[in-house]
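Worksheet: one structure, shown below.
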Amino acid sequence: MATIFSPSAVFSSSSTATTPPKPPQSPPLSKAQLPISPSRQPLTTLTAAAAIATILTTTPPSLADSSTAYQIYYGTAASAANYGGYGGNSSKKDSAEYVYDVPAGWKERLVSKVEKGTNGTDSEFYNPKKKTEKEYLTFLAGFRKLAPKDVVLNNLALSDVELQDLIASAENMTSEERKDEKGQVYYVYEIDGVGTHSLISVTCAKNKLYAHFVNAPTPEWNRDKDILNHVHESFKTVGSY
């Protein structure tokens, strides 16, 4: 339709009766250019659509982004005989010997006196959606300083069957020594077992050995890695933070 009503096409037709016919040069070029303008518009549209699709399909941020909320837990490391609280106006915060962060929504598991007396478990929190995704702390009295890293881990496993199984089935295990800003030494272990991942931090203070554990099945570890690392790194004895 554009060719029929093109002004240049009409003028070429009327001039054919008076002058020898010449091959029209300009009109075909202008005709050829007519579809170029609309053809570029879809390319631009497609480019914009592709850019939007790329943005929308970008991997979302981890659950452990800045919006993740945590609560500070104040642990007292009380003996089994003194388990159950303190008298007067004493609070856990005032008498705390260690602290660590707990992700919002996690639940506290009540530790029994028997458990506290046998393996030294002092506190434990877990993800209610997957109870095996958890953090807990054990302590042992009578330790002034840390033994070598491999000795400490093996001694902890003596009273922790779950840790024994994890070490026995470990596909990869690393350990390192770290110091906080005040020079307190922490042993840090990472164990990648069959279907389970574990982060452990161990230190000595106030004549006690404290061991903080963060355990999760592999799917939960892959999903919540940043959260679990944050929880692991938040553990400190009182006076070192």
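The values are calculated or read from the model by the stated rules, or taken from the named source; none is laboratory data. Note that the structure is predicted; figures quoted are calculated from it, not measured. With ideal geometry, Cβ positions are generated from the backbone for all residues, glycine too; neighbour counts draw on all protein chains shown. The accessibility values were calculated without ligands, DNA or RNA, using every heavy atom of the protein model including side chains. Shrake-Rupley method; radii C 1.70, N 1.55, O 1.52, S 1.80 Å.
Spin-label model, His230/Asp165: points 7 Å from Cα along the beta carbon direction are separated by 2.9 nm. Let's test the formula: R0 of 30 Å, r as the Cβ-Cβ distance of Arg109 and Arg144. What FRET efficiency results, to the nearest 0.05? For R0 = 30 Å, the calculated efficiency reads 0.50. Applying the Karplus relation 6.51 cos²θ - 1.76 cosθ + 1.60 with θ = phi - 60° to region 149-159 yields 3J(HN,Hα) values of 4, 5, 5, 4, 5, 5, 5, 5, 6, 4, 10 Hz, where x marks Gly and Pro. Bridging of Lys149 to lysines at a Cα separation below 30 Å is possible for Lys113, Lys116, Lys131, Lys134, Lys179, Lys182, Lys206, Lys208, Lys225, Lys236, once same-chain residues fewer than 8 apart are set aside.
Rounded to the nearest whole angstrom, the semi-axes of the ellipsoid equivalent to region 125-241, taken from the Cα gyration tensor as √(5λ), stand at 23, 16, 13, largest first.
Counting only protein heavy atoms and a probe of 1.4 Å, the accessible surface of region 157-201 is 47% carbon and sulfur. Once backbone amide H atoms are built at 1.01 Å from N, Thr196 has Thr218 as its partners under 5 Å, excluding neighbours fewer than 5 places away on the same chain. Note that region 110-227 presents 51 Å² accessible area per residue, ligands and nucleic acids not counted, probe 1.4 Å.
The aspartates and glutamates within cross-link reach of Lys93, meaning a Cα-to-Cα straight distance under 20 Å and a gap of 8 or more places when in the same chain, are Asp101, Glu108, Asp122, Glu124, Glu135, Glu233.
Could you tell me the accessible area of Thr196 in Å² (1.4 Å probe, neighbours in place), rounded to the nearest ten? Near enough 50 Å² of accessible area.
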